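Structure first, then comments.
The values are calculated or read from the model by the stated rules, or taken from the named source; none is laboratory data. Keep in mind that this is a model prediction, so the values were computed, not measured. All Cβ positions, glycine included, derive from the backbone under ideal geometry; neighbour counts span all protein chains shown. Just so you know, the surface numbers come from the protein's heavy atoms only, side chains and all, with ligands and any DNA or RNA stripped out. Shrake-Rupley method; radii C 1.70, N 1.55, O 1.52, S 1.80 Å.
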Amino acid sequence: MSQIYKEEYWNLIKGSELPKNVANAILSMALTDGPQDAIRFVQKMLNIKPVSGVMGPLTKQAIWDKSKNGDADFAKAILNKQIDRYQQDEQASTYGKGWTNRVEKVKGTIS
């Protein structure tokens, strides 16, 4: 992983402290939308309040709880919602196919 991705994305989402597949799903969104928006997106999925955009202890614990029987299903849910969001984006006609292709590649790595 390049130093920029590590410092500006992975470290902000606290990827090394999360289940692997979920961390990669959040990173996928962080690369397009920014780390804080990616975290907010997941916080909304988990009904965490307040939605802060910070990967704090409450968010990390909720992710681990959701992943207690394996993280593949939750990671795929994040990625599917990400694709849905991209398809509704006002720039989807220009960038949507590339965004979706990248997310599909990430989905292909989930086991």
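Mind checking which residues of the stretch 1-33 are open to solvent by less than 20 Å² (accessible area, probe 1.4 Å) and in a helix (DSSP H, G or I)?
Ile13, Gly15, Asn21, Val22, Ala23, Ala25, Ile26, Ser28, Met29, Ala30
Can you tell me which residue within the stretch 96-111, out of those that are at pLDDT 85 or above and not in a helix (DSSP H, G or I), is farthest from Asp71 (Cα to Cα)?
Gly108
Any chance you could count how many residues in the stretch 67-111 are under 18 Å from Pro19 (Cβ atoms) and open to solvent by 70 Å² or more (accessible area, probe 1.4 Å)?
7
Go over the candidates Gln36, Gln43, Gln61 one by one and state the one that is farther than 17 Å from Thr109 by Cβ and exposed (fewer than 15 other Cβ atoms within 10 Å of the Cβ).
Gln61
Could you tell me how many of the residues in the stretch 1-17 are touching a residue at least 40 places away in the same chain (Cβ under 8 Å) and within 11 Å of the chain's Cα centre (by Cα)?
1
Could you say whether any residue in the stretch 22-40 is under 22 Å from Lys6 (Cβ atoms) and in contact with an Asp or Glu (Cβ under 6 Å, 6 or more places away or on another chain)?
The answer is yes, given that some residue of the stretch 22-40 is under 22 Å from Lys6 (Cβ atoms) and in contact with an Asp or Glu (Cβ under 6 Å, 6 or more places away or on another chain).
Between a first residue in the stretch 43-72 that is more than 17 Å from Gly15 (Cα to Cα) and a second residue that is assigned to a loop (DSSP other than H, G, I, E, B) and not aromatic (Phe, Trp, Tyr), which pairs have beta carbons less than 9 Å apart while being 6 or more apart in sequence or on different chains?
Short answer, once both residue conditions are applied: Lys44/Val51.
Taking the stated definitions as given, is Asp37 free of Cβ contacts under 8 Å to residues at least 12 places away in the same chain, closer than 20 Å to Val103 by Cβ and within 13 Å of the chain's Cα centre (by Cα)?
Criteria not met by Asp37.
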